[in-house]
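Novice: The structure under discussion is supplied below as structure tokens; questions concerning it will follow.
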Amino acid sequence: MAALASTFFSVTPKVSRSNSIPKLSLARSLSQLNRANLLAPIVVSALRDKFVRTNFASELDSSNGLKKLVDSLFVFCASLALSATLFVADVDSASAFVVTPPRKLQSDELATVRLFQENTPSVVYITNLAARQDAFTLDVLEVPQGSGSGFVWDSLGHVVTNYHVIRGASDLRVTLADQSTYDAKVVGFDQDKDVAVLRIEAPKDKLRPIPIGISADLLVGQKVYAIGNPFGLDHTLTTGVISGLRREISSAATGRPIQDVIQTDAAINPGNSGGPLLDSSGNLIGINTAIYSPSGASSGVGFSIPVDTVGGIVDQLVKFGKVTRPILGIKFAPDQSVEQLGVSGVLVLDAPPNGPAGKAVIVEVLRGDKLEKIPVVLEPKPDES
């Protein structure tokens, strides 16, 4: 399997948004143009014929010349007013059809748009800063060495992401959806499962915890949605389906296996690490963690840690700052050595006395007509004094 998706060097580009020029209706534009071409010659012809036929000099000499002159001026003013009215009507009608009508979306498109708008405030952008010393001035500077995604877990300011997103950081900064930035502190992390919990001191009205779902009942083929910051492009939505369940990948930090991982064909690229994988209801079902890709970019095979696994880890990290798992407390021989000896089962080499196996004793228990030996851990009695 190729290397997992990890942090990268990137600066979030600022994308300028310009208002698009609305398209005019060709049919209505031609209709108005033809109407103007027809009305203009009529008005001009009426004015020209009136003034050509009128002999101003002879009419002024006659007794009713003044009356005819007033009539001519009245006709001229009426024609001018008619032309102005037609011009204003054209402008108003043109501005009316320039306005673009609301875009019509299908029901599934509206659902996707609504899901993105409702869950984007819960997704954050994480910047990994590393301390570097300038070679000339010897000043210590904080230089961004990577970035990734995360999401708000609760109203207390806890943010969940992948461990490999914050690995090696001297300082961390979390940017919310409203572009406000806060310094983050590491609460705890689990390297084996590639999960980390941060905390920011942000006002509660700016924290939008993501809805927590269930991953135990997922089905191959159901729709999923990934929100993150691939290549520094903040709040990017990709869609796909669950293409596999109960996969196994290796942790980017320790190489230990992570089981029951969700496989999806939703595009997951560098920068998506730590972002949420959502179901069609907008509930969290996993953390986008890794991709299988020879080139390092999305090839349609991405992996997410299921939320049922993440939930237990986050609860322990928030309460204790670390994760405690049950162990046997034994050292056993490799499988190759066991095969060479021709022994079946597990060959125990040592059981440290301070471990669970070292504290256990073998007790014989009668079950039916058979006597079985089972290990029992004897807890010391509390001091009654």
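The values are calculated or read from the model by the stated rules, or taken from the named source; none is laboratory data. On a predicted model such as this, the values are computed, not experimentally measured, just so you know. Please note: Cβ atoms are built from the backbone with ideal geometry, for glycine as well, and neighbour counts cover all protein chains shown. Heavy atoms of the whole protein, side chains included, go into the accessibility calculation; ligands, DNA and RNA do not. Shrake-Rupley method; radii C 1.70, N 1.55, O 1.52, S 1.80 Å.
Novice: When the chain is fully extended, how far beyond the present Cα-Cα distance does SER281 get from ALA130, taking 0.36 nm per residue of separation? Intermediate values should be presented prior to the final figure.
Specialist: Numbers: separation 151, 0.36 × 151 = 54.36 nm, distance 3.80 nm.
Length gained, SER281 through ALA130: 50.6 nm.
Novice: Name the long-range amide H neighbours of ILE212: under 5 Å, sequence gap of 5 or more, or other chain; modelled H, no Pro or chain starts.
Specialist: Distant-sequence amide H within range of ILE212: LEU284.
Novice: Net charge within 15 Å of ALA202 by Cβ-Cβ distance, Lys/Arg positive one each and Asp/Glu negative one each, not counting ALA202 itself? Working shown, then result.
Specialist: Details: positive: ARG173, LYS185, ARG199, LYS204, LYS206, ARG208; negative: ASP154, ASP178, ASP183, GLU201, ASP205.
Combined, the nearby Lys, Arg, Asp and Glu give +1.
Novice: I would also like to ask the following. Given a cut-off of 25 Å, name the pairs among LYS223/LYS319; LYS185/LYS319; LYS193/LYS319; LYS104/LYS206; LYS331/LYS370 whose C-alpha atoms lie farther apart than that in the structure shown.
Specialist: Details: LYS223/LYS319 34 Å; LYS185/LYS319 15 Å; LYS193/LYS319 18 Å; LYS104/LYS206 32 Å; LYS331/LYS370 29 Å.
Cα-Cα > 25 Å for LYS223/LYS319; LYS104/LYS206; LYS331/LYS370; rest within.
Novice: Report, in whole Å, the centroid distance computed from the Cα atoms of segment 303-343 and segment 147-168.
Specialist: 23
Novice: Residue by residue, what Karplus-based ³J(HN,Hα) values in Hz, rounded to whole numbers, does segment 200-210 have, using 6.51, -1.76 and 1.60 with θ = phi - 60° and x for Gly and Pro?
Specialist: Here the 3J(HN,Hα) series is 10, 8, 10, x, 5, 6, 9, 9, 10, x, 7 Hz.
Novice: How much FRET efficiency would the formula 1/(1 + (r/R0)^6) give for LEU110 and SER250, where r is the Cβ-Cβ distance and R0 is 45 Å, rounded to 0.05?
Specialist: After rounding to 0.05, the efficiency reads 0.70.
Novice: Regarding segment 211-347, what are the three Cα extents along the principal axes, ordered largest first, in Å?
Specialist: 55, 39, 29
Novice: Continuing with this model, one more query. With a 1.4 Å probe and every protein chain left in place, tell me how much accessible area ASP183 has, in Å² to the nearest 10.
Specialist: 110
Novice: Tell me whether segment 234-315 comes out rounded, prolate or oblate; compute the Cα gyration tensor, take square roots of the eigenvalues as a ≥ b ≥ c, and use a/c under 1.5 as the rounded threshold.
Specialist: rounded
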